[in-house]
Every structure is written in structure tokens, then in C-alpha cells.
């Protein structure tokens, strides 16, 4: 329960996993890898951070959105594997930032997601990453993040069937 205790220490509440809003699954497994669908900054299935970063929304606003995407991602993983201590390490995240023309700090927005993963998983939270600016995201959300995680060897067979 080290990871879940760390989440509590950071005063993070993982939400109940929300159902997909379209034709996809939240988590897909191949071997010991978990591929997590793009997570948006939502609470109870409703987007709470919307709009483009730049003039319309601040970088701080976008960083909060990115952190919420990670919280939702971890909730999806926990719902699928049962407990987050089955995760060996974070391998990769891809962060999409709904950006106004001329906004050049997508990497700073992604840093807040990377920092949260490091704060929770320690060195196992360090990962490779892509930060992409886009002109639009679904439901006009400010950020969407997808990820790839590696499970511990003893956890391969212990996963939820969707």
C-alpha cells in the first residue's frame, strides 16, 4: 500500500472510475504493460477545465487541469488492476494542450503532470514524455493525457476483465 499511502499523504482523493464516454476502453493490457486512454480533467464525468491556454486560460489553470488528468488516470488504473502498488513504473505520458496560436509552453503544462507522477511513485514515476499543442480537444477541455505503465511481474495475471 505504499503508493496508495503516498497518495493519501499528498491529500489526493482518487475518484470512482468513470465510464468511457465513447467507443473505447479506459485501460488495455499487453503483457505487463498498461496502456491508459487519454484522460481529461473531469469530475463526476463532467469537464471542469475547458478553454485554450494563452489569453483565454492561464498556464496555472492548465497545470491544474493536467494534475487532474493524472488523478483520473490513476483512478482508471486502480479500477482495472485493483491497487496501485501493482505498478512497477511509469513509462510514458503524452500530454495534449488545447493551445491558442502563439502559446509555446506546453512543456510547462506537462511538467505539472510529470511532477505529480514523481511525487507519487518516486524514481519509478520518471518517464519519457511528449507535450503537444493542439488547436482543439474533445469537449473543449484544456488538457488530455494518455499513459503507458509497467506492472510488477507478480501482478500480470491479476487484472480486471472489462
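The values are calculated or read from the model by the stated rules, or taken from the named source; none is laboratory data. A quick note: this is a predicted structure, and the numbers were derived from the prediction, not measured. So basically every Cβ, Gly included, is an ideal-geometry build from the backbone, and we count neighbours across all protein chains shown.
Of note, residue 31 does not satisfy the criterion of being on the phi > 0 side of the Ramachandran plot and touching a strand residue (DSSP E or B) at 6+ places or on another chain (Cβ under 7 Å).
Which residues, taken from segment 64-101, are over 25 Å from residue 134 (Cα atoms), outside any loop (DSSP other than H, G, I, E, B) and over 13 Å from the mean Cα position of the chain (by Cα)? Steps first, answer last, please.
First, the residues of segment 64-101 that are over 25 Å from residue 134 (Cα atoms): 75, 77-89.
Subset that is outside any loop (DSSP other than H, G, I, E, B): 75, 77-81, 84-89.
79, 80, 81, 84, 85, 86, 87, 88, 89, listed by residue number.
Across segment 112-136, what is the total count of residues that are part of a helix (DSSP H, G or I) and either in contact (Cβ under 8 Å) with a residue 12 or more places away in the chain or within 20 Å of residue 151 (Cα to Cα) (or both)?
Qualifying residue count, segment 112-136: 13.
Restricting attention to segment 46-63 and to residues that are assigned to a loop (DSSP other than H, G, I, E, B) and touching a residue at least 40 places away in the same chain (Cβ under 8 Å), the residue that is surrounded by the fewest Cβ atoms within 10 Å (Cβ to Cβ) turns out to be 55.
I'm checking my understanding of the structure. Among residues of segment 1-13 that are in a loop (DSSP other than H, G, I, E, B) and touching a helix residue (DSSP H, G or I) at 6+ places or on another chain (Cβ under 9 Å), which one is surrounded by the most Cβ atoms within 10 Å (Cβ to Cβ)?
So, considering only residues that are in a loop (DSSP other than H, G, I, E, B) and touching a helix residue (DSSP H, G or I) at 6+ places or on another chain (Cβ under 9 Å), the one surrounded by the most Cβ atoms within 10 Å (Cβ to Cβ) is 12.
Here 109, 128 are screened, and the one residue that is modelled with pLDDT of 95 or more, on the phi < 0 side of the Ramachandran plot, in contact with a strand residue (DSSP E or B) (Cβ under 6 Å, 6 or more places away or on another chain) and surrounded by fewer than 17 Cβ atoms within 10 Å (Cβ to Cβ) is 128.
Of the residues making up segment 120-137, those that are under 14 Å from the mean Cα position of the chain (by Cα) and more than 14 Å from residue 62 (Cβ to Cβ) are 120, 121, 125, 126, 127, 128, 129, 130. One residue stands out among those in segment 14-33 that are touching a helix residue (DSSP H, G or I) at 6+ places or on another chain (Cβ under 8 Å) and part of a loop (DSSP other than H, G, I, E, B): the one that is nearest to residue 71 (Cα to Cα), which is 14.
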